[in-house]
Amino acid sequence: MNSPKDQTTNKPLRYDGQVALVTGAGRGLGRAHALMLAARGCKVIVNDLGSAYDGTGAARGQVADEVVAEIVAAGGTAVASYDSVENAQPIIDTALQAYGRLDIVVNNAGILTPETWSELTLESWQRTLNVNLTGVFTVMKAAWPEFVKQGYGRCIMTASPAMYGAGVAGYAASKAGILGLANSLQFEARKLRLNIKCNVLVPQAVTRMTEDFAAAVDQRRVSQGKPAGRETPASIMAQLSPDKVSAMVGWLAHADCQAEAAIFEAGGGYFAQLNWARSAPLFATTREGVEAAPLPEHIRDGQLTLGNFADGDMPVSGDGSMGSPSALDQVFKHLADNGHQS
Ligand SMILES: NC(=O)c1ccc[n+]([C@@H]2O[C@H](COP(=O)([O-])OP(=O)(O)OC[C@H]3O[C@@H](n4cnc5c(N)ncnc54)[C@H](O)[C@@H]3O)[C@@H](O)[C@H]2O)c1
């Protein structure tokens, strides 16, 4: 439900004169983001090496060419890049050689492997982390000097609801890692007092990735003599087209957006913001005296406090501390309030 205080204005959001890199833009969500940005005046680097949904198989770089052709046919400006995000400098070089600047980076490339925890191998775990997390690291390492030089940049990183817990441990871990990376880059940008904003997208859409993943899981179930999974009704699938996510990317990529290290869900026309939540503080320093280390029993007996989010606060992304005032200051204050000398 929209809040009555949500604002409306007739000014369209445009990106004229700006340059965006969208990784993994040959299909699915990345393609939708690239088309949307190009349609609003942005020059786009369509990066995609054209892998299978799980990162295996021969690269098919032509998916990037197909999206470039679509953009150009619609009157936009785009160039293709076929390098893996695991080796990002050539991707950034393509942007700089073609257009001389880089304003927006949409880290979208990702892979998903279908193994359950008992099936997951170290090779598959590493392959997933290499693309989904190290790939964002290498892209942002190469893009960062341009952002710093311009004093400006918009960076979007793509996480997943899988990080809340799903049967794909490597994928979930890679996507949760993105949160720490985004928070840390925002911290760096703040320290440098630059207009660089780094935010996280948690999307949901029907794409090649979700369809091939579902097919692989079904195939495994059937090979184990189990029934295939329930099919999602076509009416729901139709609602979950990738272009219904791109509006959030459009906003996070825009100069007007001041969000910092925030996390946004988007899918099927639904949007929400997530936040960290900290409970009310539990102090376990008085029972055995100031010097004694708290006991596990203190934690057991403090379950109500630790579950009390109404009296807690929300950590500010990019703060990096346990509260303001700091956790230690809070402990000293608590001790002083209870008659102890620190
Ligand atoms: N579809 C969803 O519901 C969903 C949900 C949560 C998160 N995501 C994330 O959104 C992003 C896009 O997913 P999608 O559903 O569009 O998947 P997709 O498989 O349809 O498209 C991903 C694209 O990334 C490319 N790619 C893969 N590895 C690459 C690499 N190393 N370098 C460059 N390009 C590479 C692939 O070739 C592919 O074209 C991924 O990061 C995915 O994890 C998707």
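The values are calculated or read from the model by the stated rules, or taken from the named source; none is laboratory data. Only a predicted model underlies this, so the values are computations on that prediction, with no experimental measurement involved. Don't worry about glycine lacking a Cβ; one is built from the backbone with ideal geometry, like all the others, and counts go over all protein chains shown.
Name the residues in segment 101-152 that are buried (at least 24 other Cβ atoms within 10 Å of the Cβ) and at pLDDT below 95, would you?
Result: no residue meets the conditions.
Kindly indicate which of Gly30, Gly61, Gly57 is within 21 Å of Ser124 (Cβ to Cβ) and of a type in the set (Gly, Ala, Ser). Let's see the steps before the verdict.
Numbers: Gly30 fails: within 21 Å of Ser124 (Cβ to Cβ); Gly61 fails: within 21 Å of Ser124 (Cβ to Cβ).
Just a single option satisfies the conditions, and that option is Gly57.
Look at Glu211 and say whether it is more than 16 Å from the ligand (Cβ to nearest atom), in the same structural domain as Ser51 (by TED's automatic domain parsing) and among the acidic types (Asp, Glu).
no
Residues being surrounded by fewer than 19 Cβ atoms within 10 Å (Cβ to Cβ) and hydroxyl-bearing (Ser, Thr, Tyr): count how many of those fall in segment 153-175.
So the answer is 1.
Does segment 176-193 include one or more residues that are farther than 30 Å from Gly153 by Cβ, over 18 Å from the mean Cα position of the chain (by Cα) and surrounded by fewer than 19 Cβ atoms within 10 Å (Cβ to Cβ)? First the steps, then the outcome.
Of the residues in segment 176-193, the ones farther than 30 Å from Gly153 by Cβ are none.
No, segment 176-193 contains no residue that is farther than 30 Å from Gly153 by Cβ, over 18 Å from the mean Cα position of the chain (by Cα) and surrounded by fewer than 19 Cβ atoms within 10 Å (Cβ to Cβ).
Would you check if Leu129 is of a type outside the set (Gly, Ala, Ser), within 13 Å of the chain's Cα centre (by Cα) and within 14 Å of the ligand (Cβ to nearest atom)?
Working: of a type outside the set (Gly, Ala, Ser): yes; within 13 Å of the chain's Cα centre (by Cα): no; within 14 Å of the ligand (Cβ to nearest atom): yes.
In short, no.
Any residue in segment 110-121 that is within 14 Å of the ligand (Cβ to nearest atom) and among the aliphatic types (A, V, I, L, M)?
Yes, the conditions are met somewhere in segment 110-121.
Name the residue that is nearest to Leu129 (Cα to Cα), counting only residues in segment 89-118 that are polar (S, T, N, Q) and part of a helix (DSSP H, G or I).
Only one residue fits best here, namely Gln89.
Only one residue in Asp329, Asp313 is at pLDDT below 85 and among the acidic types (Asp, Glu), so which one is that?
When all the criteria are applied, what remains is Asp329.
Among the candidates Glu66, Glu86, single out the residue that is in contact (Cβ under 8 Å) with a residue 40 or more places away in the chain, within 13 Å of the ligand (Cβ to nearest atom), acidic (Asp, Glu) and not in a loop (DSSP other than H, G, I, E, B).
The match here is Glu66.
For segment 89-109: of the residues being touching a strand residue (DSSP E or B) at 6+ places or on another chain (Cβ under 6 Å) and more than 21 Å from Leu201 (Cβ to Cβ), which is nearest to the ligand (Cβ to nearest atom)?
Thr94
With assigned to a loop (DSSP other than H, G, I, E, B), assigned by TED's automatic domain parsing to the domain that holds Gly269 and under 27 Å from Asn132 (Cβ atoms) as the only criterion, which of Gly57, Gly75, Gly41 stands out?
Working: Gly75 fails: under 27 Å from Asn132 (Cβ atoms); Gly41 fails: under 27 Å from Asn132 (Cβ atoms).
That would be Gly57, the only listed residue that is assigned to a loop (DSSP other than H, G, I, E, B), assigned by TED's automatic domain parsing to the domain that holds Gly269 and under 27 Å from Asn132 (Cβ atoms).
Just the residues that are within 14 Å of the ligand (Cβ to nearest atom), not hydrophobic (A, V, I, L, M, F, W, C) and not in a loop (DSSP other than H, G, I, E, B), please, taken from segment 242-269.
Passing the criteria: Pro242, Asp243, Lys244, Ser246, Glu265, Gly267.
Given the structure, is Arg221 assigned by TED's automatic domain parsing to the domain that holds Thr113 and part of a helix (DSSP H, G or I)?
Yes.
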